[in-house]
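Below is one structure; the comments refer to it alone.
The values are calculated or read from the model by the stated rules, or taken from the named source; none is laboratory data. This structure is a prediction, so every number in the text was calculated from the model and none was measured. FYI the Cβ positions are ideal-geometry reconstructions off the backbone, even for glycines, and counts take in every protein chain you see. The protein model used for the area step is the full one, side chains on, heavy atoms only, and it has no ligands, DNA or RNA in it. Shrake-Rupley method; radii C 1.70, N 1.55, O 1.52, S 1.80 Å.
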Amino acid sequence: MAQHDHDQHHPGHHHDHGATDTEIDWAEMASLLESEAELFTPLYERALGWLAKEVTEPGLIVDAGSGPGVVSCLFAEVFEGARIVAVDGSAPLLERAADRAARHGAGDRFGTLAGELPGVLDELDYPADLLWASRSVHHLGDQRAALAAYAARLAPGGTLAVLEGGLPTRYLPRDIGIGRPGLQSRVDAVEADWFTRMRTELPGSVAHTEDWPALLTSAGLHHSRSRTFLLDLPGPATERVRTHVVTTLARTRGRLAGELDAEDRATIDRLLDPADEASLHHRSDVFFLTAHTVHTAVRPV
Ligand SMILES: C[S@@+](CC[C@H](N)C(=O)[O-])C[C@H]1O[C@@H](n2cnc3c(N)ncnc32)[C@H](O)[C@@H]1O
């Protein structure tokens, strides 16, 4: 698979009414996406182990919306005979994916394809035996149409696996001794509203009930199954966990501070201040717990 450089295809959300707070600069998020996926590796490994029982000896695996390719490289590891193509709208992220595959000794069976999903999949040379899309379908305006396009790129008997939904992440107890208890639940509520706005402002946005098995069935696939995988990293938190939660909370503060009340903003400021003993940098009660759901379905033979 040739490397395609479609610089004109910026996967951010194209608006002609000016910038909004839901536009995402994916290339700028490269290292966060990479370190996050690395932290989530135990969860992905279990998900891929589950898929490996269903999908035997795939020839071509496509990772749609691969980002920096951490999971694409896990696919290369788990499915040793397969060719992997990482597809994404961000060429800089795909460069990271290709470098990573080369470092992992899988460069000779790893390709990248840059462009807007789902249309860019038409450029694939072969139908996919396994098409994986992790946390990327929700960035496409018409999720149902995207799943139908993905399904059309499957070989007969091929599997579509979509990682969407699960549970909100928790990394602090309900009462953290500063501010009003329940901070993370309130941040989640504000995040949920932001997510709805983000989806509404996507080009070609269509509202669908996010019943993933039903959407897979409406894409002409059958045997839909769903399974949820936990990432459970109890305290005391490692430096990696602390760095991740600090980075994500700082990002949330930057985007959503205006939606939270003054007391919650002050609590978040304390949590982010390395000089504060009550901050995420020093607290003994930091942990990491989350769950992601994988939905699969198969193209009829
Ligand atoms: C949240 S990241 C997920 C990355 C990776 N799959 C993971 O789970 O860690 C979403 C990815 O989808 C890509 N993406 C978003 N919208 C896209 C579009 N319209 N066309 C192509 N790629 C897109 C972004 O560039 C980004 O790499």
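Across the range 130-170, what is the number of residues that are closer than 17 Å to Glu191 by Cα, within 13 Å of the ligand (Cβ to nearest atom) and among the hydrophobic types (A, V, I, L, M, F, W, C)?
0
Every residue, every condition in (1) modelled with pLDDT under 95; (2) within 23 Å of Glu116 (Cα to Cα); (3) over 16 Å from the mean Cα position of the chain (by Cα); (4) open to solvent by 40 Å² or more (accessible area, probe 1.4 Å), yes or no:
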{"site": "Trp132", "(1), (2), (3), (4)": "no, yes, no, no"}
{"site": "Asp142", "(1), (2), (3), (4)": "no, yes, yes, yes"}
{"site": "Tyr150", "(1), (2), (3), (4)": "no, yes, yes, no"}
{"site": "Gly158", "(1), (2), (3), (4)": "no, yes, yes, no"}
{"site": "Gly177", "(1), (2), (3), (4)": "no, no, yes, yes"}
{"site": "Asp188", "(1), (2), (3), (4)": "no, no, yes, yes"}
{"site": "Arg197", "(1), (2), (3), (4)": "no, yes, yes, yes"}
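Can you report the number of residues in the range 191-245 which are assigned to a loop (DSSP other than H, G, I, E, B) and of a type outside the set (D, E, K, R)?
First, pick out the residues of the range 191-245 that are assigned to a loop (DSSP other than H, G, I, E, B): 201-211, 219-221, 234-238.
Pick out the ones that are also of a type outside the set (D, E, K, R) and you get 202-209, 219-221, 234-238.
Selection size over the range 191-245: 16.
I need the full set of residues from the range 34-67 which are near the ligand (Cβ under 8 Å from one of its atoms), closer than 24 Å to Thr243 by Cα and not aromatic (Phe, Trp, Tyr), in order please.
Those that are near the ligand (Cβ under 8 Å from one of its atoms), closer than 24 Å to Thr243 by Cα and not aromatic (Phe, Trp, Tyr): Glu36, Ala37, Ser66, Gly67.
Considering only residues that are among the β-branched types (Val, Ile, Thr) and closer than 18 Å to Arg225 by Cα, look in the range 31-65 and name the one that is least open to solvent (accessible area, probe 1.4 Å).
First, pick out the residues of the range 31-65 that are among the β-branched types (Val, Ile, Thr): 41, 55-56, 61-62.
When the remaining residues are screened for being closer than 18 Å to Arg225 by Cα, the result is 55-56.
Working: Val55: 11, Thr56: 109 Å².
Among them, the one singled out is Val55.
For the range 101-124, enumerate the residues that are out of contact with any strand residue (DSSP E or B) (no Cβ under 9 Å at 6 or more places or on another chain) and more than 9 Å from the ligand (Cβ to nearest atom). Quick ask: steps written out before the conclusion?
If we filter the range 101-124 for residues that are out of contact with any strand residue (DSSP E or B) (no Cβ under 9 Å at 6 or more places or on another chain), which is where we start, we get 103, 105, 107-108, 116, 119, 122.
Within the range 101-124, Arg103, Gly105, Gly107, Asp108, Asp122 meet the criteria.
Quick check, is Pro181 surrounded by fewer than 15 Cβ atoms within 10 Å (Cβ to Cβ) and in contact with a Gly (Cβ under 8 Å, 6 or more places away or on another chain)?
Working: surrounded by fewer than 15 Cβ atoms within 10 Å (Cβ to Cβ): yes; in contact with a Gly (Cβ under 8 Å, 6 or more places away or on another chain): no.
In short, no.
Residues of the range 85-100 being farther than 22 Å from Leu48 by Cβ, within 9 Å of the ligand (Cβ to nearest atom) and charged (D, E, K, R), which ones?
Kept after step one, since they are farther than 22 Å from Leu48 by Cβ, are these residues of the range 85-100: 89-92, 95.
Add one more test, that the residue is within 9 Å of the ligand (Cβ to nearest atom), and what stays is 89-90.
Listed by number, the list is empty, since nothing qualifies.
For Arg251, indicate whether it is within 27 Å of the chain's Cα centre (by Cα) and surrounded by fewer than 16 Cβ atoms within 10 Å (Cβ to Cβ).
Answer is yes for this residue.
Can you find a residue in the range 117-127 that is touching a His at 6+ places or on another chain (Cβ under 9 Å) and open to solvent by 20 Å² or more (accessible area, probe 1.4 Å)? Full working, then the answer.
So in the range 117-127, the residues touching a His at 6+ places or on another chain (Cβ under 9 Å) come out as 117, 120, 123.
Those still in the list that are open to solvent by 20 Å² or more (accessible area, probe 1.4 Å) too: 117, 123.
Checking the range 117-127: at least one residue is touching a His at 6+ places or on another chain (Cβ under 9 Å) and open to solvent by 20 Å² or more (accessible area, probe 1.4 Å).
For residues in the range 250-270 being hydrophobic (A, V, I, L, M, F, W, C) and free of Cβ contacts under 8 Å to residues at least 60 places away in the same chain, which is farthest from Pro181 (Cα to Cα)? Let's see the steps before the verdict.
First, pick out the residues of the range 250-270 that are hydrophobic (A, V, I, L, M, F, W, C): 250, 256-257, 260, 262, 266, 268.
Add one more test, that the residue is free of Cβ contacts under 8 Å to residues at least 60 places away in the same chain, and what stays is 250, 257, 262.
Numbers: Ala250: 19, Ala257: 17, Ala262: 14 Å.
The extreme case among them is Ala250.
For the condition out of contact with any His (no Cβ under 8 Å at 6 or more places or on another chain) and either crowded, with 23+ Cβ neighbours inside 10 Å or over 21 Å from Phe229 (Cβ atoms) (or both), what is the one hit in Ala101, Ala91?
Ala101
Any residue in the range 163-181 that is farther than 30 Å from Leu48 by Cβ sitting within a Cβ distance under 6 Å of a residue that is outside any loop (DSSP other than H, G, I, E, B) and away from the ligand (no atom under 16 Å from the Cβ)? List the pairs, counting only those 6 or more apart or interchain.
Ile178/Thr267; Ile178/Arg270; Gly179/Glu263; Gly179/Thr267; Arg180/Glu263
Conditions tested, residue by residue: (1) at pLDDT below 95; (2) part of a helix (DSSP H, G or I); (3) within 19 Å of the chain's Cα centre (by Cα).
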residue: Ala76; (1), (2), (3): no, yes, yes
residue: Pro92; (1), (2), (3): no, yes, yes
residue: Glu95; (1), (2), (3): no, yes, yes
residue: Ala98; (1), (2), (3): no, yes, yes
residue: Ala101; (1), (2), (3): no, yes, yes
residue: Asp108; (1), (2), (3): no, yes, no
residue: Gly111; (1), (2), (3): no, no, no
